[in-house]
């Protein structure tokens with residue numbers, strides 16, 4: 001057997017080293033987070049979470065080893081089968097899972113609990129890679145995105161039905177992979193616009209203009225839309241004059257509304273909507289008559305944004321769970337709830353801040369040892385790192401994550417098959433999303449949606465899920481050398 005046929009020589013050991021570093025550092029942090037002041041046992045004791053996590057680590061390594069021994073073609077040939085199994089498990093979970101902290105996302109088999117949503121991430125990544133690796137497939141138009149959206153939408157909705165909003169939102173990470181594969185940047189910009197409009201509407205919805213004559217939230221969001229309606233056409237030379245005219249008319253309408261309001265009450269929401277709608281209709285007709293797609297796009301985006309503004313209120317009040325609403329309000333400083341919804345984040349920031357530059361030392365953290373931070377060995381595991389090892393310890397962890405992400409993208413770029421490349425970027429996107437949201441919510445700059453820190457947080461499901469995700473990529477990458485014989 002030549003070296004090219006031996007996984008020992010074809011495996012990307014650099015990625016394995018990063019993986020092992022994160023797993024070991026996570027295990028040590030779990031021990032620090034769950035350590036009892038009067039405990040005299042070892043890290044391997046099964047009556048401690050660190051001991052249980054050690055078992056999960058060993059089984060995860062064994063699982064990764066099995067994956068490396070499989071024929072790499074299995075993951076391509078049976079991608080849709082894996083996806084189908086994951087969907088069935090998600091459906092079954094909705095009906096058989098017990099209610100645990102308000103969600104039904106865990107299948108309990110004796111002493112073992114398993115979360116199918118973790119498997120669904122890997123299965124969805126394989127299904128997307130399979131579909132996008134079809135002969136002559138390219139993301140060129142919106143219709144090319146439709147089947148991809150369906151593949152993502154099915155597990156997304158099923159996980160939402162389990163009341164696991166955080167795990168469902170992770171599936172939005174695939175947009176980053178789509179961008180790498182040719183999706184136009186406008187889609188990401190529209191996503192960013194939706195987030196900004198949602199925040200403006202929700203944050204300022206309780207603040208009214210005058211005697212309840214409109215909401216600053218709605219008017220502010222529409223003002224953003226009108227800026228887009230003016231700036232985008234202005235960037236195109238043939239439409240600079242018309243853009244300036246609409247800018248002048250918008251200012252004139254605002255001044256007239258303020259003057260009229262002195263004698264007759266004016267609802268500024270309707271004024272803003274009317275002005276924006278008239279501008280959108282004008283650009284739509286102008287774009288059609290002059291065959292200028294950019295103006296048509298501005299019109300559709302404007303009208304869609306106006307609809308989204310009013311849909312935001314429904315989403316916030318009727319789709320999101322009450323505890324999610326409170327967390328968003330606390331994040332946006334709409335409510336001050338240091339002992340309720342804001343307690344986790346408040347205690348987490350205290351723990352991280354108290355660590356200073358060098359930290360308090362292993363097992364010397366007061367916030368974590370006295371159990372002030374809820375979920376400190378799962379969703380809030382990063383605050384243990386910050387308190388015990390300080391800024392430099394936290395920075396080291398983030399650097400290792402960055403190196404791992406850079407390595408995964410390098411692996412993706414060197415693939416000869418599109419199936420392998422798409423899967424690699426799916427892995428990078430999922431890990432990046434988890435890292436960004438988890439660390440962000442611990443620092444208080446992201447809403448608390450409850451997703452684990454990859455390879456770090458306590459739990460067998462997440463460790464198995466991320467290990468499968470990564471080691472399938474390693475197996476696919478190793479086959480690159482085997483095929484080049």
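Miscellaneous remarks
- Cα-projected label distance for residue 289 with residue 231, points at 7 Å along beta-carbon direction, nm: 2.7
- When you count the other C-beta atoms within 10 angstrom of each residue and take the mean per peptide, 221-230, 179-188 line up highest first as 221-230, 179-188.
- Summarised in one figure, the compactness ratio Rg/Rh of region 207-328, Cα atoms and Kirkwood Rh, is 1.05.
- Neighbour counts of other Cβ atoms within 10 Å put 434, 72, 318 in the fewest-to-most order 318, 72, 434.
- Inter-label distance, nm, simple model (7 Å from Cα along the C-beta direction), residue 303/residue 481: 5.7
- Percentage relative contact order, region 207-328, counting C-alpha pairs under 8 Å, at least six apart: 25
- Region 88-232: C-alpha gyration tensor shape, a/c 1.5 cut-off, then a/b vs b/c: oblate
- When only Cα pairs below 8 angstrom with a gap of at least 6 residues are kept, the chain shows a relative contact order of 24 percent.
- Sorted by Cβ density within 10 Å, fewest first, the residues 320, 70: 70, 320
- As a rough footprinting exposure proxy, the listed residues 85, 55, 219 were ranked by other beta carbons within 10 Å of their own, and the order from fewest upward is 55, 85, 219.
Values quoted throughout were computed directly from the atomic coordinates according to the rules given, and no laboratory measurement underlies them. Computed from a predicted model, the values in this text were never measured in an experiment. Neighbour counts run over all protein chains shown; Cβ positions are idealised from the backbone, glycine included.
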